[in-house]
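These notes are about the structure you will find just below.
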């Protein structure tokens with residue numbers, strides 16, 4: 001990591017991204033996450049400080065907004081790459097990613113969707129008689145499901161295929177969040193439903209001799225197979241399949257790239273087209289936010305803490321410029337505690353009757369579900385974590401790092417770690433202050449993409465600006481907003 | 001308005017009470033709490049409290065969250081660790097609300113960005129007094145809100161034979177007479193202990209109106225007794241319910 005930091009620019013937005021991504025990933029090699037970085041990172045363009053990975057998911061700098069000011073998704077751009085075995089699809093994909101220079105690109109391989117083989121098929125596969133190049137070898141339904149979800153911007157679990165056992169690993173790979181999805185495989189154009197999901201279709205056409213040569217080299221050196229077996233498989237299955245199923249799909253392609261990854265002109269053309277498409281979809285979020293909802297009444301989803309003299313007194317301390325840091329922390333903590341207590345009361349409760357030691361029944365209330373988790377928006381939201389831990393025993397805490405890009409003023413998503421089954425939890429989303437609401441909206445969007453129902457989210461904040469409340473309430477009307485004070489405008 | 005009025009005695013719980021017969025209410029609290037009643041007794045609403053006891057007794061805003069805390073504390077199946085955890089949370093809320101009763105003055109401050117915030121400021125020189133032993137459970141909550149607050153103590157014991165409460169020990173800051181006093185006692189079932197404690201405070205020169213009583217559970221009888229005796233004292237509690245959870249101190253300190 002040290003060497004990469006050296007070539008990293010001094011920009012404050014890129015430095016945390018690197019450390020946040022790499023440090024946890026390297027150590028726990030087995031955990032695969034969307035935010036993970038492959039083991040061969042290269043820095044293609046040092047000025048941008050972009051991190052590259054060799055094969056799977058590629059996240060670079062923070063992710064800019066992928067939804068419009070109403071909180072709705074803007075669809076990611078899906079590129080399908082098809083081509084015969086060993087035609088250089090992956091190379092083309094990598095070159096595209098490299099030249100695109102767009103953060104948050106996901107590379108999805110069709111290899112992940114091979115069907116699980118039964119014992120008989122497994123034996124056939126061992127003697128090179130199972131046809132892996134036939135459309136039936138793929139789980140097309142699962143593929144469509146995953147691709148559709150990815151296109152909707154939702155979190156997906158992608159199976160990990162084991163070529164030794166010909167089954168799926170128990171672990172799946174979580175993919176989430178991409179502005180560009182590249183989907184590559186030998187039969188990507190076979191299913192008409194998949195075709196509909198692709199915004200751009202590329203066919204990589206490489207000479208069969210070169211493909212065979214590459215395949216021999218790869219299968220023998222990397223997959224430990226013998227020459228005879230590979231040739232047998234090629235002649236009996238790979239070649240006929242190419243002729244029958246792959247070559248005809250060339251007709252669907254928008255662009256055909258001869259010679260694969262070496263064809264820099266073709267790649268440059270593709271990249272140019274994708275850039276144009278992305279620009280058509282792009283927008284400036286923060287500006288839109290700041291200009292809307294003037295003089296509107298406060299939304300119903302806002303829950304303001306009852307303004308007692310104590311709360312006003314606490315605010316006096318917090319806002320006074322002469323308050324020492326120690327006092328500031330102390331009084332903020334008190335206020336945060338009250339905000340969190342109030343936020344908890346907004347969750348659904350059910351009536352119960354309990355027995356008391358005094359022998360009478362007592363009619364009270366219990367929270368409907370004990371499954372509550374906190375999610376803090378780094379850094380400011382972390383100050384509220386302690387309060388949540390103080391009021392909820394053993395609560396799970398997720399974190400989302402969102403930084404504002406100083407150049408564009410847009411929020412960017414850098415890092416996220418959420419409890420595993422977050423969709424089953426009620427979520428208290430914490431951010432100390434909400435100004436335009438851009439970061440909070442991004443965080444809510446992340447939660448929604450992880451299948452957390454909107455009504456299960458409470459946004460707790462010490463101080464909010466009216467503009468932020470309006471933006472959030474407009475985009476996500478079911479998210480409850482809790483704060484201790486509302487300012488016409490925010491002053492850090 | 002008050003469906004399960006304090007006058008309800010077990011089977012009469014559903015009897016709707018338009019009556020304001022305080023005499024009956026008071027007598028009802030002497031009921032035997034041993035037998036399990038078929039219907040739960042419901043606590044008073046803030047409106048009833050205001051109507052019946054005047055504005056110097058205040059209830060914590062009863063939202064679902066507070067209701068849950070009360071339920072957990074009252075549930076006999078709650079483990080001790082849970083009990084202490086949730087009791088501390090309730091105490092914190094009651095203390096925060098009690099502090100709201102303190103006098104304050106307006107105070108404008110300048111924010112780091114140069115704007116003026118019209119805030120307010122509390123007078124310094126408040127102090128807490130806890131009634132031993134269960135009142136001590138609330139000390140930490142007070143310290144969490146006011147770090148350097150002075151805390152005095154009173155020990156009131158009831159005579160085993162006569163049930164007469166008497167003050168055994170009292171220790172206060174010297175200048176307590178010039179301070180606002182936050183008197184802490186979580187459970188009031190008859191109110192006698194608090195009567196004695198307030199009397200001691202008055203002997204030390206604390207005016208009645210400068211005392212704020214922080215309480216978690218109060219019975220209507222106790223509320224009546226205390227309000228009658230000290231009409232100027234402010235009382236803050238989380239619940240007015242005919243049956244007080246008398247096991248509070250035992251369970252909180254683990255001596256049950």
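A compact table of results
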read-out: Qualifying residue in the range A:227-236 (condition: within 36 Å of the chain's Cα centre (by Cα), assigned to a helix (DSSP H, G or I) and either assigned by TED's automatic domain parsing to the domain that holds residue A:88 or buried (at least 16 other Cβ atoms within 10 Å of the Cβ) (or both)); value: no
read-out: Subset of the range A:309-350 (residues that are at the interface with another protein chain (Cβ under 9 Å from one of its Cβ atoms), out of contact with any helix residue (DSSP H, G or I) (no Cβ under 7 Å at 6 or more places or on another chain) and without any contact (Cβ under 8 Å) to a residue 24 or more places away in the chain); value: A:309, A:312, A:313, A:316, A:319, A:320, A:321, A:322, A:330, A:348
read-out: Residue list for the range B:113-140, filter: facing another protein chain (nearest Cβ under 10 Å) and touching a helix residue (DSSP H, G or I) at 6+ places or on another chain (Cβ under 8 Å); value: B:117, B:119, B:120, B:121, B:122
read-out: Filter result (in a helix (DSSP H, G or I) and either buried (at least 16 other Cβ atoms within 10 Å of the Cβ) or under 18 Å from the mean Cα position of the chain (by Cα) (or both)) within the range B:62-82; value: B:64, B:65, B:66, B:67, B:68, B:69, B:70, B:71, B:72, B:73, B:74
read-out: Pick from the range B:103-112, criterion assigned to a strand (DSSP E or B) and more than 7 Å from every other protein chain (Cβ to nearest Cβ), ranking: surrounded by the most Cβ atoms within 10 Å (Cβ to Cβ); value: B:108
read-out: Tally of residues being within 14 Å of chain A (Cβ to nearest Cβ), outside any loop (DSSP other than H, G, I, E, B) and over 21 Å from residue B:212 (Cβ atoms) across the range B:42-61; value: 0
read-out: Filter result (surrounded by fewer than 22 Cβ atoms within 10 Å (Cβ to Cβ) and more than 17 Å from residue A:452 (Cβ to Cβ)) within the range A:167-182; value: A:167, A:168, A:169, A:170, A:171, A:172, A:173
read-out: Residue under evaluation residue B:24, criteria (1) more than 11 Å from chain A (Cβ to nearest Cβ); (2) closer than 25 Å to residue B:250 by Cβ; (3) at pLDDT below 60; (4) surrounded by fewer than 19 Cβ atoms within 10 Å (Cβ to Cβ), criterion not met; value: (2)
read-out: Some residue of the range B:144-167 being within 14 Å of another protein chain (Cβ to nearest Cβ), within 26 Å of residue B:80 (Cα to Cα), modelled with pLDDT under 90 and in contact with a helix residue (DSSP H, G or I) (Cβ under 8 Å, 6 or more places away or on another chain); value: yes
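The values are calculated or read from the model by the stated rules, or taken from the named source; none is laboratory data. Since the model is a prediction, treat every value here as computed from it, not as a measurement. Every residue, glycine as well, gets a Cβ built from its backbone with ideal geometry; the counts of neighbours run over all protein chains shown.
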